[in-house]
Amino acid sequence: MLSNDLTSLITRIDFALISSIHIIFPPLTIGLAALLFFSELMWVRKQDEKWYRLCRFFEKLFIVNFGAGVATGVTMEMAFGILYGRFSQAAGPFFGQVLGYETITAFMYEAGFIGLMIFGWGKISRGMHLFATFNVALSSTLSAMWILVANSWMQTPTGVELHNGIFIVTDWLGALFNPNARSAFPHMLLASFELSLCFVVATCAWFVLKQRHVELFLRPLKYALVALAVVAAVQIYMGDVLGEETLEHKPAALAAMEGHYDTYDAQGNVNSAWHILGWPNKDGTGLAWSIDIPHGLSLIETKTWNGPVKGLNSFAKDEQPPVVLPFYAFRAMSGAAAAILAVAVWGLWLMARRRMTVELAPRNKLFLLLAVLMVALPYIAVIAGWWTREIGRQPWIVYGLMRTEDGMSAMTLGLAIFWLVGFAIFETAVVAGTIWFLAKVVRNGPDLTSKLPGEGHEHLGHLEMPASGHADHPEYIRPV
């Protein structure tokens with residue numbers, strides 16, 4: 001392999017690492033913020049102390065995850081300029097402005113209210129605190145919207161023209177509401193809710209399994225299971241909608257994720273089989289072996305018995321994406337989604353059988369154990385879905401307009417290795433630290449003894465001069 005080929009490979013691996021780590025944090029921030037608002041709303045409306053205790057407990061987990069998301073997000077912003085400088089310059093007229101919109105209308109908006117949400121308990125009225133929590137949830141969702149708009153434009157670039165290596169925006173509405181964004185954003189938003197609900201289910205199930213605060217955590221466990229069953233089912237449908245959009249606008253990507261090489265077989269019949277498993281042959285012109293469901297691909301993608309789906313061999317060799325990673329990533333995502341729905345339905349069945357009471361719930365040990373372990377599934381689904389999406393777009397960084405290697409920064413092999421090692425160390429430290437702090441919060445459990453916050457009458461503190469009167473400055477006395 002030539003040095004520049006190795007440099008390109010390392011740059012791709014580096015950005016894949018950075019984006020794959022970052023993508024696991026924002027979904028929990030988005031979904032958990034909405035769930036915090038729900039639990040606080042229940043407390044404000046019903047004056048039930050249990051909802052307040054749950055809100056404060058999950059707020060600690062939210063803060064840890066939020067900090068990790070910010071840290072890895074800043075790293076990702078850096079990586080665009082360091083690793084893909086030519087793309088950043090070329091796409092700046094659109095991509096840069098959209099990220100600017102995200103900073104102003106979402107990130108700064110969120111920063112203005114998250115301090116009130118975390119430190120405002122008792123310092124502001126309960127209604128104002130609830131309003132702050134609502135705005136944190138809303139701004140997190142807006143942030144995801146802008147990021148998905150930018151990424152979706154890379155998938156289906158509309159409203160721009162490429163002049164002298166620079167993307168000039170000719171239609172802002174067309175660029176912002178590009179075809180992929182209309183299905184990708186709802187799909188990602190549902191993924192955020194699904195991941196957050198799984199996180200809540202796993203946390204609550206752990207406490208019930210350990211028979212700690214069973215009465216406190218059983219109620220949110222049942223609420224979350226009902227919501228998860230609905231969200232998981234809708235998400236599967238939304239994934240099908242996104243697949244239809246991919247078939248229309250990125251047929252090569254769809255062919256790769258389905259391992260579909262030939263539109264027609266040797267006899268001229270539609271090649272309609274769906275490959276459950278398979279592996280490409282050494283020439284990359286078909287599958288060496290596969291386990292198939294006849295007519296499955298046509299039914300899934302065209303909703304007809306023998307509808308043709310364009311195969312990879314219909315595209316030039318240098319415009320075909322890799323097959324193995326998107327093929328198996330897509331199946332990992334789909335399998336995780338099906339497993340999540342199955343566990344949620346199992347939970348509903350236990351509830352219908354009245355086996356999720358305070359007395360009986362801890363006896364469902366197998367279900368509770370699987371519910372705890374299920375927390376890994378949405379993370380697998382999110383990462384696998386991201387790989388399916390990003391690798392399926394290759395060899396384009398902006399689909400059909402700019403190839404990935406043309407968007408990379410010019411750097412030496414040594415510099416590429418330096419950035420890979422540096423980013424890998426940082427990302428590993430963030431993930432390890434996040435897991436450690438999340439586990440610590442869960443081990444410590446909820447605070448059940450502190451007094452409930454009032455209606456904003458607690459003072460912030462006061463300045464007091466020392467008795468000697470010789471201090472250079474007064475001392476700030478915090479309230480107890």
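The values are calculated or read from the model by the stated rules, or taken from the named source; none is laboratory data. Nothing here was measured: the structure is a model prediction, and the numbers come from that model. Here Cβ is always computed from backbone atoms with ideal geometry, including for glycine, and neighbour counts include all displayed protein chains. Please note that ligands, DNA and RNA were not included when accessible areas were found on the heavy atoms of the full protein model with its side chains. Shrake-Rupley method; radii C 1.70, N 1.55, O 1.52, S 1.80 Å.
Right, Val98: closer than 29 Å to Gly243 by Cα, in contact (Cβ under 8 Å) with a residue 40 or more places away in the chain and either open to solvent by 50 Å² or more (accessible area, probe 1.4 Å) or among the hydrophobic types (A, V, I, L, M, F, W, C) (or both) or not? Before the answer, list the steps.
Details: closer than 29 Å to Gly243 by Cα: yes; in contact (Cβ under 8 Å) with a residue 40 or more places away in the chain: yes; either open to solvent by 50 Å² or more (accessible area, probe 1.4 Å) or among the hydrophobic types (A, V, I, L, M, F, W, C) (or both): yes.
So Val98 passes the test.
Among Glu110, Glu77, Glu59, which is the only one that is over 25 Å from Thr156 (Cα atoms), at pLDDT below 85 and acidic (Asp, Glu)? If you could, list the steps in order and put the result at the bottom.
On the way: Glu77 fails: over 25 Å from Thr156 (Cα atoms); Glu59 fails: at pLDDT below 85.
Answer to the check: Glu110.
Do you know which residues across region 440-472 are modelled with pLDDT of 65 or more, open to solvent by 40 Å² or more (accessible area, probe 1.4 Å) and aliphatic (A, V, I, L, M)?
Selection gives Leu448, Leu452.
Under 6 Å between Cβ atoms, which residue pairs at least 6 apart in sequence (or on different chains) link something in region 163-175 that is closer than 17 Å to Tyr399 by Cα and free of Cβ contacts under 8 Å to residues at least 60 places away in the same chain with a partner that is of a type outside the set (S, T, N, Q) and assigned to a loop (DSSP other than H, G, I, E, B)?
Gly174/Gly159
Answer with yes or no whether Ala384 is farther than 20 Å from Pro322 by Cβ and assigned to a helix (DSSP H, G or I). Before you say what the answer is, go through the steps one by one.
Values: farther than 20 Å from Pro322 by Cβ: no; assigned to a helix (DSSP H, G or I): yes.
It is false that Ala384 is farther than 20 Å from Pro322 by Cβ and assigned to a helix (DSSP H, G or I).
State all residues of region 301-338 that are more than 23 Å from Ser290 (Cα to Cα) and either under 23 Å from the mean Cα position of the chain (by Cα) or in a helix (DSSP H, G or I) (or both); if no residue qualifies, say none. Give the derivation first.
Residues of region 301-338 that are more than 23 Å from Ser290 (Cα to Cα), as a first pass: 316, 318-319.
Asp318, Glu319, listed by residue number.
If you go through region 287-295 one residue at a time, do you hit one that is more than 19 Å from Val231 (Cβ to Cβ), out of contact with any strand residue (DSSP E or B) (no Cβ under 7 Å at 6 or more places or on another chain) and either open to solvent by 50 Å² or more (accessible area, probe 1.4 Å) or modelled with pLDDT under 95 (or both)? Full working, then the answer.
First pass over region 287-295, keeping only residues more than 19 Å from Val231 (Cβ to Cβ): 287-295.
Of the ones still in play, those that are also out of contact with any strand residue (DSSP E or B) (no Cβ under 7 Å at 6 or more places or on another chain) are 294-295.
Those left that are additionally either open to solvent by 50 Å² or more (accessible area, probe 1.4 Å) or modelled with pLDDT under 95 (or both): 294-295.
Yes: one or more hits.
Scan (1) closer than 14 Å to Cys204 by Cα; (2) crowded, with 18+ Cβ neighbours inside 10 Å for the single condition Leu369 breaks and write down its number.
Here Leu369 meets the rest and fails (2).
Quick one: is Thr141 hydroxyl-bearing (Ser, Thr, Tyr), open to solvent by less than 20 Å² (accessible area, probe 1.4 Å), in a helix (DSSP H, G or I) and in contact (Cβ under 8 Å) with a residue 60 or more places away in the chain? Step through it out loud before you land on a result.
Details: hydroxyl-bearing (Ser, Thr, Tyr): yes; open to solvent by less than 20 Å² (accessible area, probe 1.4 Å): no; in a helix (DSSP H, G or I): yes; in contact (Cβ under 8 Å) with a residue 60 or more places away in the chain: yes.
Against the criterion (hydroxyl-bearing (Ser, Thr, Tyr), open to solvent by less than 20 Å² (accessible area, probe 1.4 Å), in a helix (DSSP H, G or I) and in contact (Cβ under 8 Å) with a residue 60 or more places away in the chain), Thr141 does not qualify.
Can you pull out the residues in region 155-190 that are under 18 Å from Tyr101 (Cα atoms), assigned to a helix (DSSP H, G or I) and in contact with a Phe, Trp or Tyr (Cβ under 6 Å, 6 or more places away or on another chain)?
Selection gives Ala175 alone.
Quick grid of which residues meet (1) open to solvent by less than 20 Å² (accessible area, probe 1.4 Å); (2) in contact with a Gly (Cβ under 7 Å, 6 or more places away or on another chain); (3) acidic (Asp, Glu):
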| site | (1), (2), (3) |
| --- | --- |
| Ile166 | no, no, no |
| Ser183 | yes, no, no |
| Phe193 | no, yes, no |
| Cys204 | yes, no, no |
| His213 | no, yes, no |
| Leu218 | yes, no, no |
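Check Gln235, Gln211 and return the single one that is within 23 Å of Leu348 (Cβ to Cβ), in contact (Cβ under 8 Å) with a residue 60 or more places away in the chain, not acidic (Asp, Glu) and not in a helix (DSSP H, G or I). Outline the logic, then answer.
Details: Gln235 fails: not in a helix (DSSP H, G or I).
After applying the criteria, what remains is Gln211.
Looking only at region 304-320, decide whether some residue is in contact with a helix residue (DSSP H, G or I) (Cβ under 6 Å, 6 or more places away or on another chain) and aliphatic (A, V, I, L, M).
Among the residues of region 304-320, at least one is in contact with a helix residue (DSSP H, G or I) (Cβ under 6 Å, 6 or more places away or on another chain) and aliphatic (A, V, I, L, M), which makes the answer yes.
Any idea which of (1) over 23 Å from Gly239 (Cβ atoms); (2) modelled with pLDDT under 90 is the one Gly392 doesn't satisfy?
(1)
For every residue, the table says whether it meets (1) β-branched (Val, Ile, Thr); (2) touching a residue at least 60 places away in the same chain (Cβ under 8 Å); (3) in a loop (DSSP other than H, G, I, E, B).
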| residue | (1), (2), (3) |
| --- | --- |
| Leu254 | no, yes, no |
| Gly259 | no, yes, yes |
| Asp262 | no, no, yes |
| Ala266 | no, no, yes |
| Ser272 | no, no, yes |
| Ile276 | yes, no, no |
| Trp279 | no, no, no |
| Lys282 | no, no, yes |
| Thr285 | yes, no, yes |
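Looking at Arg354, Arg389, which is the one that is part of a loop (DSSP other than H, G, I, E, B) and either open to solvent by 30 Å² or more (accessible area, probe 1.4 Å) or not acidic (Asp, Glu) (or both)? Can you show your working first?
Numbers: Arg389 fails: part of a loop (DSSP other than H, G, I, E, B).
Result: Arg354 is the single residue among Arg354, Arg389 that is part of a loop (DSSP other than H, G, I, E, B) and either open to solvent by 30 Å² or more (accessible area, probe 1.4 Å) or not acidic (Asp, Glu) (or both).
Which residue, of Arg56, Arg86, Arg45, is farther than 23 Å from Gly392 by Cα, more than 24 Å from the chain's Cα centre (by Cα) and charged (D, E, K, R)? First the steps, then the outcome.
Details: Arg56 fails: more than 24 Å from the chain's Cα centre (by Cα); Arg86 fails: farther than 23 Å from Gly392 by Cα.
Answer to the selection: Arg45.
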